[in-house]
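One structure is given here, and the rest of the page talks about it.
Nothing in this text is a laboratory measurement; each read-out follows from the coordinates by a stated rule. Remember, predicted model here, so these are calculated numbers, not experimental data. All Cβ positions, glycine included, derive from the backbone under ideal geometry; neighbour counts span all protein chains shown.
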Amino acid sequence: MKRGRVWSWVAIIIGAIYFFVPLIATFEFSLRMRRGTHSFDAYAVVFSDQRFQASFLYSSVLALATIVVGVLLVVPTAYWVELRLRRLRPLVEFITLLPLVIPAIVLVFGYLRIYNSSSWLPLTASERGTDILLMFGYVSLSLPYMYRAVDTGLRAIDVRTLTEAAESLGAKWPAILFRVIFPNVRSGILSGAFLTFAIVIGEFTLASLLDRPAFGPYLQLIGANRAYEPAALAIIAFAVTWACMGLINLVGSGARGTAPAR
Amino acid sequence: MVVQTIVEDFPPIAATPRRRLSWNWLGVVPFFAFTALFLLLPTGLLMVGAFQDADGYFTLNNIRNLFTETIWNAYKISIEVSLASALLGALLGFLLAYAVIGGGLPRWLRPTLMTLSGVASNFAGVPLAFAFLATLGPTGLVTVLLMYFFNFSLRSTGFNLLSFWGLTLTYLYFQIPLMVLIMTPALDGLKKEWREASSILGATRWQYWRHVALPVLWPSFLGSALLLFANSFGAIATAYALTGSSLNIVTILLYAQIRGDVLHDQNLGYALALGMIVLTGASNIFYIWLRARSERWLK
């Protein structure tokens, strides 16, 4: 048993090295901008870059819109399926898992084919239309995480009893949904929301191929052209990811999930 | 549980006095409309396009052209990188999860590992490539320190971050923690009583693993490895930021095709996408099947 514990420590230490060394190295690298000494110059350059501010803001707004649309789509659906259409549950679950099967690059290829400027619904013809298409793409990508988080929350409460109680007190559908169901699955919704934010903020493939000025393509551009700023940006991106995961832990009991690498 | 489900499936007759047309399905129309428009239809049309020529006639030529050298090689490298990172990630992630759960380590390590895994498995895409360039790139910290302290040149070993092993090593950064997260519930399902029972019956440590633990765990293990495979197979951002277009993996080839029609054949691009879906789809279906199998024991 003693020997087993030694090996456990070895595994943990190797894992810790694998986790921390790239972070330390990246941080150290990001401080090298001024020759011969360590400084935060790279961060200063990044934060004062107009494109950084613009693309980060753009992606943040997009992430918030994605969360709102995603929640409005997923919560009523999951609620209704749980309450009235249990037979559909396997089908709905299957569909929400499809984004894990369909790589993002394939999805956006499909978008470009059916929503191009000469199609029946030319979403990519205007900038605003493309923004909306991109946002819908992100809603699709985040569907597995959002649905699972919300569904776990819904299963933990007695949807049927709550609905009947609200009905017998004279509540109408909007009131039931927004004042009874939403507050009761709040932690699930928040988990899904933070995870969605973490996915959307640095997403590269969709934004790049739809040619929108999002944070992911900006990162790529800087990576191809600069030396020290990318390391600073990696640290910033890591901090954002960390914050999102920390908030998920904070809101607690909701489902834990992970994002695919895209 | 079974009884409850049956009761719910057949509500009391009093609740529906007359059989009338149910409008219940209206509630899920937004969901199905959305997923049809932005998930199923785009993918479906690509799959149809893979079997059409430029004029829209049915053909198998695109599928046949997938087996030309450029495309075949791209698939091969993608599959190799995904396999290597999935298998190594699954193995290391499993060992790490097992060390924390069954290794007699202090309790606080477990929530710490879970949190760090949640962060690391979501730290992917372009920034991950930056991090590894700053670590193992030509002037990365580890490269420099190895040279300084041990006079050891990473480059002289033939290691290059912009290569098969470089990409695999980078992918492992999110693959290992993802495995830890998926595997932990399965390892929790290994009941202490099984181990005690087998040791009372005189089983050795090896026999316990061979006849009890592994048969219970292998569906979860293999299933998770398949999920990791699909995860890295569809990834592009990290590889693109790391290697530009110098590493010919299938996602980068498809990216270039969408950007500038490098294959000079739109429908061949659709076939490329179809091939990807077939591969990730197969591994996911197998994963779901294995998961269903493993849940029998892990309830």
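Mean-square fluctuations from a GNM of chain B, with a 10 angstrom spring cutoff on Cα atoms, peak among B:Leu154, B:Leu169, B:Leu268 at B:Leu154. Taking each residue as 0.36 nm, the span from B:Arg155 to B:Val262 lengthens on full extension beyond its C-alpha to C-alpha distance by 35.3 nm.
So if I take the centroid of the Cα atoms in the stretch B:189-234 and the same for the stretch A:188-206, what is the distance between those two points in Å? Here the answer is 33 Å between Cα centres. Of the chymotrypsin sites (Phe, Trp or Tyr not before Pro) found in the stretch B:206-258, none is in coil by DSSP with at most 15 other Cβ atoms within 10 Å of its Cβ.
Inter-chain Cβ neighbour count for B:97-105, averaged per residue, equals 5 (cutoff 10 Å, partner chain atoms only). Extension gain, B:Trp165 to B:Ser246, is 27.7 nm, computed as 0.36 nm per intervening residue step minus the present C-alpha separation. Counting 0.36 nm for each residue step from A:Leu91 to A:Val21 and taking away their Cα separation leaves a gain of 20.9 nm.
For chain A, rounded, prolate or oblate, judged on the Cα gyration tensor with a ≥ b ≥ c (square roots of eigenvalues), a/c < 1.5 rounded, else prolate if a/b > b/c?
Oblate, since a/c reaches 1.5 and b/c is not below a/b.
Counting only the backbone N, which residues of the stretch A:64-80 are under 19 Å from the spot 7 Å out from the Cα of A:Arg179 toward its beta-carbon? Answer for this model: A:76. The modelled label-to-label distance between B:Leu26 and B:Leu40, using points 7 Å beyond Cα along the C-beta direction, is 2.1 nm. For an R0 of 25 angstrom, estimate the FRET efficiency from the Cβ-Cβ distance between B:Asp53 and B:Asn73 and round to the nearest 0.05. Once the sixth-power term is evaluated, E becomes 0.55. Note on B:Ile200/A:Trp9: beta-carbon distance plugged into 1/(1 + (r/R0)^6) with R0 of 30 Å gives a FRET efficiency of 0.55. For A:Asn225 and B:Val278, what is the calculated FRET efficiency with R₀ set at 25 Å and r taken between the beta-carbons, to the nearest 0.05? Here the calculated transfer efficiency is 0.10. In a DSSP loop and with at most 14 other Cβ atoms within 10 Å, the trypsin sites (Lys or Arg not before Pro) in the stretch A:1-69 are A:Arg34, A:Arg35. Mean sequence separation of contacting Cα pairs (under 8 Å, at least six apart), scaled by the length of chain B, corresponds to a relative contact order of 29 percent.
Under 17 Å from a label point set 7 Å out along the Cα-to-Cβ vector of B:Glu193, no amide N atom of the stretch B:218-234 is found.
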